[in-house]
Amino acid sequence: MPLIARLRAYAAEMFGAPALPLDAEAEQHLAAAALLVHVARVDGTLAAVERDRLARLLTHRFAPSEAQAKALIERAISFDDETRDVAELVEMIGRDLPEEERRGLLGLAWAVAAADGQVHEFEDDLVWRVGQLLGFDDAAITATRAVALAGLPTQQVPAR
């Protein structure tokens, strides 16, 4: 079943209504939230500190309130569970988004990876791959990483 069809079926299941087409912006927001959830759970768990960071990051960017951001996180968790690969999520978000929006999403991914005060190697590798899938070269990924992780001590960030 194609990813968009699964998303629509999931919405119908969750809200008990016929599967109505979601607008492209809602699909992108869910895919972006699922991508961030994927980054947070790359170690196998979604820790409370990561969930809190996600809620703060999603509020106002993809959801108008913290309660709606938390609801989006729950939907994103389910959607991430149904997605085979992070590349599918990036495909839904679209590489044709303006560079600034893609860079902002990449910065959010680094912020989620650092939610516990440290970026582990597997988190770093995953977010680096996300940057490549979003169409950035190594220099752009490095620059975005540096800005997003500026507050962390260097011993808590893997060397690149």
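Some notes on this structure:
- Among the residues of the range 57-100, those that are open to solvent by less than 90 Å² (accessible area, probe 1.4 Å) and in a loop (DSSP other than H, G, I, E, B) comprise Phe62, Ser65, Thr83, Asp85, Gly94, Leu97, Pro98.
- Selected residue (criterion: surrounded by the most Cβ atoms within 10 Å (Cβ to Cβ)) from residues of the range 106-138 that are in a loop (DSSP other than H, G, I, E, B) and more than 15 Å from the chain's Cα centre (by Cα): Val119
- Residue within the range 42-54 that is hydrophobic (A, V, I, L, M, F, W, C), at pLDDT below 90, out of contact with any strand residue (DSSP E or B) (no Cβ under 7 Å at 6 or more places or on another chain) and within 27 Å of Asp138 (Cα to Cα) present: no
- Arg103 being open to solvent by 80 Å² or more (accessible area, probe 1.4 Å), out of contact with any strand residue (DSSP E or B) (no Cβ under 8 Å at 6 or more places or on another chain) and part of a helix (DSSP H, G or I): no
The values are calculated or read from the model by the stated rules, or taken from the named source; none is laboratory data. This structure is a prediction, so every number in the text was calculated from the model and none was measured. Note: ideal-geometry Cβ built from the backbone for every residue, glycine included; neighbour counts use all protein chains shown. In case anyone asks, the SASA skips ligands and DNA or RNA and just uses the protein heavy atoms, side chains included. Shrake-Rupley method; radii C 1.70, N 1.55, O 1.52, S 1.80 Å.
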